[in-house]
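A quick write-up on the structure given underneath.
The values are calculated or read from the model by the stated rules, or taken from the named source; none is laboratory data. Being a predicted model, the structure only gives us computed values, none of them experimental. Quick reminder, even Gly has a Cβ in these numbers, built from the backbone with ideal geometry, and neighbours come from all protein chains shown. With ligands, DNA and RNA removed, areas are computed over all heavy atoms of the protein, side chains included. Shrake-Rupley method; radii C 1.70, N 1.55, O 1.52, S 1.80 Å.
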Amino acid sequence: MKVTYYLDEKNEENLYCRISDETQTESFPLAYAIVDEEWDEDAEEGSPDDPYFYTLIRFKEFLSERYEMLADRGVDNILTVLKNEVEVLTAESGIQGIARKMFNDENHLADGPSYDQFLRAFEKYSELENDEYEARVIDNTLEFITEDEDEFQMDTFAGLTARLKSFVDKKSHGEIAAMTDKEIWGAIYVEAAIEKPVFLSEMLREWEMFWDTEYEETLKSGGETADTDKLKEKSWRQFQVFMACYNESGDNIQLAHQLDDIDLYAIAVLTMLGILDTEACLEGYCEAEFKQEDWEVVESDGGPFFVKGVEW
């Protein structure tokens, strides 16, 4: 099934969705307006600054997954069924109904608060009414944009824990590097006082697994391994410096970051978590993150929410 978005200029709420397979095509409104200047016709999407940009990406995935599930069950007229389901989602609150569905499905798996609980927490914090701000879904958190164009990020222990666990389970070096705080990981490392032979032997194993995977992916994609060889050689030189400086550095997570702020840093973090109790480390990370002074605590629906202003 193919899913595309387009603008229907005949309607004020001009964002529409078209779904099609080999036998049928259906189109339906998403109860949302996008101005022409913020619409990328070639990419068939709005601006990344749009509050529902990420929701619409996830919604495409949802429709495709839902289509496959209904097809496996032998349901007839699947596209009509999907169209009717979307109409139910948007009936009361427009595209926010879609955002609520996507968010609740994601957060349910992590035992996190619902979309509406986030909204209530933000309204308690800001003293704003529902029509005085917009909510933007980012993974399992929400960002809020007020009428004065002030932006706020809201998070929870459950949400941050789930994201960290996802980065670790996937061994996603890019996300660990970009989305986590090296100083917090460093503090956990220092407190743990892992013995040097244990850490270095496990880090070497993690390093070798990473490069074995890199070679496998290069070969699967039909690429040449020459570039991978050069990157591995560079990484090995960095690892050698890391080992040589190990005794002089009190915080070897920071040391790894100084040598290579993506792969070697992520390998050091994954090594530490593999040696220690991962669950306890993630809990400690969340506690340290939300103790930072830029976060404020909001008690709502029986639990803490954490909110801070976003500066650009």
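Assorted remarks:
- Fully extended contour minus Cα-Cα distance, from W236 to K124, at 0.36 nm per residue: 35.1 nm
- In summary, the aspartates and glutamates within cross-link reach of K234, defined as a Cα separation below 13 angstrom excluding same-chain residues under 8 places away, comprise D260, D263.
- Solvent-accessible area, 1.4 Å probe, carbon plus sulfur percent, for region 73-155: 39
- Checking (i) 76, 41, 32; (ii) 65, 40, 38; (iii) 68, 52, 40 against the coordinates, the calculated Cα extents along the principal axes in Å falls under label (iii).
- Normalised convex hull volume, region 178-312, alpha-carbon set, Å³ per residue: 165
- Hits among lysines - C-alpha to C-alpha of K308 under 17 Å, sequence gap 8 or more where chains match: K124, K291
- Helix-derived mean residue ellipticity, 222 nm - over the chain, DSSP H n ≥ 4, -39500 (n - 2.57), to 500: -17500 deg cm²/dmol
- Screening the chain for whole DSSP H helices with an alpha carbon extent of at least 24 angstrom along the helix axis and a mean Kyte-Doolittle hydropathy of at least -0.5 yields 53-72.
- Between M243 and I138, the simple label model (points 7 Å from Cα in the Cβ direction) yields a spacing of 4.0 nm.
- On the basis of the beta-carbon distance and an R0 of 51 Å, Y215 and V35 show a calculated FRET efficiency of 0.60.
- Measuring between their Cα centroids, region 233-294 and region 166-183 lie 11 Å from each other.
- Under 23 Å of direct C-alpha separation, and excluding same-chain neighbours fewer than eight residues apart, K60 reaches these lysines: K2, K83, K101, K170.
- Cα centroid separation - region 139-163 against region 48-65, whole Å: 17
- Cα-based shape type of region 134-195, given that a ≥ b ≥ c are square roots of the gyration tensor eigenvalues and the cut on a/c is 1.5: prolate
- Highest average first, the peptides 42-49, 303-310 ordered by how many other beta carbon atoms sit within 10 Å of their residues are 303-310, 42-49.
- Paramagnetic label zone (point 7 Å from Cα along Cα-to-C-beta, K10; backbone N under 19 Å) in region 21-42: 25-34, 36
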